[in-house]
Amino acid sequence: MQLARPVPWPNGAKVACAITLDMDADSLVHIHHGSNAQNKLSATSMLRYGPEVAVPRILETFRNFDLKQSFFIPAWCIENHAKTVEAIVEDGHEIGYHGYIHEAPNSLSEALEYDWMCRSIEIIEKHTGKRPRGNRSPLYHMSAKTPDFLAKEGFLYDTSLMGDDVPYILETGQGDLLELPVSWATDDWPPYVHAPDLNYMFAPQAPDRAMEIFMAEFEALRHSPGGLWISVWHPFVSGRLSRWQRVEKMMEYMVGTGDVWFATLEEIALHIQGLEADERYTPRRDRLPYSKGVQVPEELLGKS
Ligand SMILES: [Zn+2]
């Protein structure tokens, strides 16, 4: 089985791979509980494990494998975990936009969404010296206006949607935006996150079991070359000792296949842009919005 539009990756690699880390940290307890967050010590400590313990461990692994990868960090976390973010930037990794304090864009008015996006971009630029080129909407909760706002603010890519195995173009009202698609199958939330204070109560799986799901996606892409494997992991989740030891084994295996190109999402997006410019690849195009003017008959509405 072949992909409909396999991407020619650098050096003949079969799969482009990106281990992306969403460093939400304790933004989650604040957005859920407001001023009562100070009474949520257990959840707060669990989340702060990310910047305090897991990120230094993750950075060490990336140094050992000589990899640069992409981190998506709410602007509030950039301000409140500045030392950790400094270490990420110092090691040459990419920092993308991930909300101000992990608010869901599709729960905000257009004006609020755009205002907080602009404020967050400023914070990211101030702390990292660079405007973010990529967006991942918190919990993938992109609004109908998010693609327009991203294109308007000069973002190169988004990585919140799930519409393909390969990069594709979102046609927005403000121009094109490249989508680097993700999947719940390579997200660490469903197999691991048990957090009663945040209303998530999945039964934590053994690392081998979680890895089985993540790697099924990878092996499928090796079998049908030209696709993109993006993990969406969280330092406080996947950076815990047993899980991260398993990730290191995974990385050894992936590198050992000789089939992968590990890159930041910005590098992957720039590669696609270069291929387009040379007329060596034409991405599929999705015109937004998806569902303008759809009318469900009143008597059928909600009867799913
Ligand atoms: Zn997040």
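Among the residues of region 145-161, is any touching a residue at least 12 places away in the same chain (Cβ under 8 Å), within 16 Å of the ligand (Cβ to nearest atom) and more than 21 Å from Trp229 (Cβ to Cβ)?
Scanning region 145-161 turns up at least one residue that is touching a residue at least 12 places away in the same chain (Cβ under 8 Å), within 16 Å of the ligand (Cβ to nearest atom) and more than 21 Å from Trp229 (Cβ to Cβ).
Pairs only if they're at least six apart or on different chains, beta carbon under 8 angstrom, first in region 64-79 and under 19 Å from Val232 (Cβ atoms) and at pLDDT 95 or above, second among the basic types (Lys, Arg) and within 11 Å of the ligand (Cβ to nearest atom); list them, first residue then second.
Phe72/Arg136
For region 66-79, what are the residues that are outside any strand (DSSP E or B) and either within 15 Å of the ligand (Cβ to nearest atom) or more than 21 Å from Ser45 (Cβ to Cβ) (or both)?
Within region 66-79, Asp66, Leu67, Lys68, Gln69, Pro74, Ala75, Trp76, Cys77, Ile78 meet the criteria.
Being away from the ligand (no atom under 14 Å from the Cβ) and either polar (S, T, N, Q) or touching a Cys at 6+ places or on another chain (Cβ under 7 Å) (or both) is the requirement here; does Asn135 meet it?
no
Please identify the pairs in which a residue from region 124-138 that is of a type in the set (Asp, Glu) has its Cβ atom under 9 Å from the Cβ atom of a residue that is more than 14 Å from the ligand (Cβ to nearest atom), counting only partners at least 6 apart or on another chain.
Sorted first by the residue in region 124-138, then by its partner, the pairs are Glu125/Arg131; Glu125/Pro132.
Residue pairs, Cβ under 9 Å, 6 or more apart or interchain, first in region 9-24 and closer than 23 Å to Val53 by Cβ, second of a type in the set (Lys, Arg) and crowded, with 24+ Cβ neighbours inside 10 Å. List them.
Thr20/Arg136; Asp22/Arg136
So which of Leu228, Leu270 ends up being touching a Pro at 6+ places or on another chain (Cβ under 7 Å) and touching a residue at least 24 places away in the same chain (Cβ under 8 Å)?
Going through Leu228, Leu270 in turn, just one is touching a Pro at 6+ places or on another chain (Cβ under 7 Å) and touching a residue at least 24 places away in the same chain (Cβ under 8 Å): Leu228.
Scan region 1-43 residue by residue and report those that are within 16 Å of the ligand (Cβ to nearest atom), out of contact with any Lys or Arg (no Cβ under 6 Å at 6 or more places or on another chain) and β-branched (Val, Ile, Thr).
Within region 1-43, Ile19, Thr20, Ile31 meet the criteria.
So, in region 222-240, exactly how many residues are away from the ligand (no atom under 16 Å from the Cβ), more than 14 Å from the chain's Cα centre (by Cα) and of a type outside the set (D, E, K, R)?
5
Considering only residues that are over 17 Å from Lys130 (Cα atoms), within 15 Å of the ligand (Cβ to nearest atom) and either assigned to a helix (DSSP H, G or I) or not hydrophobic (A, V, I, L, M, F, W, C) (or both), which ones fall in region 81-114?
His81, His102, Glu103, Pro105, Asn106, Ser107
In the list Arg280, Arg246, Arg209, Arg287, which residue meets the criterion of being of a type in the set (Lys, Arg) and under 21 Å from the mean Cα position of the chain (by Cα)?
That would be Arg246, the only listed residue that is of a type in the set (Lys, Arg) and under 21 Å from the mean Cα position of the chain (by Cα).
Looking at the structure I just gave you, is Leu108 in contact with an Asp or Glu (Cβ under 6 Å, 6 or more places away or on another chain) and either in contact (Cβ under 8 Å) with a residue 24 or more places away in the chain or of a type in the set (D, E, K, R) (or both)?
When the stated conditions are applied, Leu108 does not pass them.
Take the residues of region 170-187 that are of a type outside the set (D, E, K, R) and buried (at least 19 other Cβ atoms within 10 Å of the Cβ): which is farthest from Ala18 (Cα to Cα)?
For region 170-187, the residue satisfying everything is Thr172.
Return only the number of the condition from (1) surrounded by fewer than 19 Cβ atoms within 10 Å (Cβ to Cβ); (2) more than 20 Å from Phe65 (Cβ to Cβ); (3) among the β-branched types (Val, Ile, Thr) that Ile272 does not satisfy.
(1)
Among the strands (runs of 3 or more DSSP E) contained in region 209-301, which hold 1 or more residues that are within 30 Å of Val29 (Cβ to Cβ)?
Hits in region 209-301: 227-233.
Among (1) within 15 Å of the ligand (Cβ to nearest atom); (2) over 22 Å from Tyr192 (Cα atoms); (3) part of a helix (DSSP H, G or I), there is one condition Arg63 misses while meeting the rest; what is its number?
The one condition Arg63 does not meet is (1).
The values are calculated or read from the model by the stated rules, or taken from the named source; none is laboratory data. A quick note: this is a predicted structure, and the numbers were derived from the prediction, not measured. Cβ atoms come from the backbone with ideal geometry, glycine included; neighbour counts cover every protein chain shown.
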